Amino acid sequence: MGKRSEPLAVALHMKIPTLHSWDLAPRDAITLQREFAQQIDVHRPLRKCALLAGADCSYNRFSPKFYAAVVVMRTTDWSVVETRGVVGESAFPYVPGLLSFRETPIVLQAFASLDHEPDAVMCDGQGYAHPRRFGLACHLGLWLGIPCFGCAKSRLIGAHDEPGENAGSTTPLRDGDEIIGSVVRTKNKTKHVYVSPGHLINLKSAVRWTLASCRGYRIPEPTRQAHLAVSRMRLADFV
């Protein structure tokens, strides 16, 4: 007989407690960022992760309409377990450094509809590598109460040397004397990504799971699949 696979944890929709109101002015959002930055935990290793989710959202800069997707993947073979997408709106303005206040509400709606609760989440965005140490992965991690980390395509803050050309090469991302993330080469001779912990995970684990989930592309599979799902939603909306 073949080896029996372990049953997946079924959440029958995630229960997400309310952390704060979204009816905020930008100055109030900055105050909340500074307050919540004191609550995040970026020192905890993540050794086991059966289900890793990728989260992504897309919108035009001056449009209130948002598309968000969450894709849950099995880490033993990186197969898709579940995909959830949501279309909605956000009234929060486009303010650099405060983008999580535009993006998190719609992403949370996608998470709330999941049948399988992930063990960790990879976000297409920043975590600790943020001017106030509170990027999207930190914000989402506090709301969900599960390990979250960021894997961003571009740098928001910090300086670094160039990592080696081969996949798996890393170099620290620093803001002054503080290491705030890691610059990671995910594919040979391809532009790097920026990895940082968000909440309930340390940098070493965030880098480890980023590299473990790379399947021959620059973007790790969880956020790549989430991006593809969002793109399909946007395309369907315009057909």
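The values are calculated or read from the model by the stated rules, or taken from the named source; none is laboratory data. Everything numeric here is computed off the predicted structure, so don't read it as measured data. Heads up, the Cβs are rebuilt from the backbone with ideal geometry, glycines too, and the neighbour counts pull from every protein chain shown.
Residue 143 versus (1) modelled with pLDDT of 95 or more; (2) not in a helix (DSSP H, G or I): which is the lone unmet condition?
The single condition residue 143 does not satisfy is (2).
Within the set of pairs 6+ apart or on separate chains, which have a first residue in the stretch 214-239 that is closer than 13 Å to residue 153 by Cβ and in contact (Cβ under 8 Å) with a residue 12 or more places away in the chain, a second that is small (Gly, Ala, Ser) and part of a helix (DSSP H, G or I), and C-beta atoms under 6 Å apart?
If the second residue must be small (Gly, Ala, Ser) and part of a helix (DSSP H, G or I), no pairs are left.
Which residues, counting only those in the stretch 192-205, are within 15 Å of the chain's Cα centre (by Cα), surrounded by fewer than 23 Cβ atoms within 10 Å (Cβ to Cβ) and not in a loop (DSSP other than H, G, I, E, B)?
Once the filter is applied, which keeps residues that are within 15 Å of the chain's Cα centre (by Cα), surrounded by fewer than 23 Cβ atoms within 10 Å (Cβ to Cβ) and not in a loop (DSSP other than H, G, I, E, B), the stretch 192-205 yields only 205.
Going by the conditions given, is residue 130 within 15 Å of the chain's Cα centre (by Cα), more than 30 Å from residue 236 (Cβ to Cβ) and crowded, with 24+ Cβ neighbours inside 10 Å?
yes
Can you work out which of the residues in the stretch 170-214 that are of a type in the set (Ser, Thr, Tyr) and in contact with a Phe, Trp or Tyr (Cβ under 9 Å, 6 or more places away or on another chain) is nearest to residue 142 (Cα to Cα)?
So in the stretch 170-214, the residues of a type in the set (Ser, Thr, Tyr) come out as 170-171, 182, 186, 190, 194, 196, 205, 210, 213.
Those still in the list that are in contact with a Phe, Trp or Tyr (Cβ under 9 Å, 6 or more places away or on another chain) too: 182, 186, 190, 196, 205, 210, 213.
Values: 182: 21, 186: 27, 190: 32, 196: 15, 205: 18, 210: 20, 213: 23 Å.
Looking at the filtered set, the residue picked out is 196.
Does the stretch 122-132 contain any residue that is touching a strand residue (DSSP E or B) at 6+ places or on another chain (Cβ under 8 Å) and not in a loop (DSSP other than H, G, I, E, B)?
Scanning the stretch 122-132, I find at least one residue that is touching a strand residue (DSSP E or B) at 6+ places or on another chain (Cβ under 8 Å) and not in a loop (DSSP other than H, G, I, E, B), so the answer is yes.
Please enumerate the residues belonging to the stretch 20-50 that are touching a Ser or Thr at 6+ places or on another chain (Cβ under 7 Å) and not small (Gly, Ala, Ser).
Across the stretch 20-50, the qualifying residues are 45, 46, 49.
For residue 220, are the conditions met, namely being under 17 Å from residue 41 (Cβ atoms), crowded, with 24+ Cβ neighbours inside 10 Å and in contact with a strand residue (DSSP E or B) (Cβ under 7 Å, 6 or more places away or on another chain)?
Numbers: under 17 Å from residue 41 (Cβ atoms): no; crowded, with 24+ Cβ neighbours inside 10 Å: yes; in contact with a strand residue (DSSP E or B) (Cβ under 7 Å, 6 or more places away or on another chain): yes.
Considered against the rule, which asks whether it is under 17 Å from residue 41 (Cβ atoms), crowded, with 24+ Cβ neighbours inside 10 Å and in contact with a strand residue (DSSP E or B) (Cβ under 7 Å, 6 or more places away or on another chain), residue 220 comes out as no.
Please pick out the residue among 137, 167 that is surrounded by 19 or more Cβ atoms within 10 Å (Cβ to Cβ), within 30 Å of residue 74 (Cβ to Cβ) and touching a Ser or Thr at 6+ places or on another chain (Cβ under 8 Å).
137
Only one residue in 180, 146, 157 is surrounded by fewer than 22 Cβ atoms within 10 Å (Cβ to Cβ), in contact (Cβ under 8 Å) with a residue 40 or more places away in the chain, closer than 22 Å to residue 99 by Cβ and of a type in the set (Val, Ile, Thr), so which one is that?
146
Every residue, every condition in (1) assigned to a helix (DSSP H, G or I); (2) at pLDDT 95 or above; (3) of a type in the set (D, E, K, R), yes or no:
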residue	(1), (2), (3)
182	no, yes, no
190	no, yes, no
207	yes, yes, no
217	no, yes, no
233	yes, no, no
236	yes, no, no
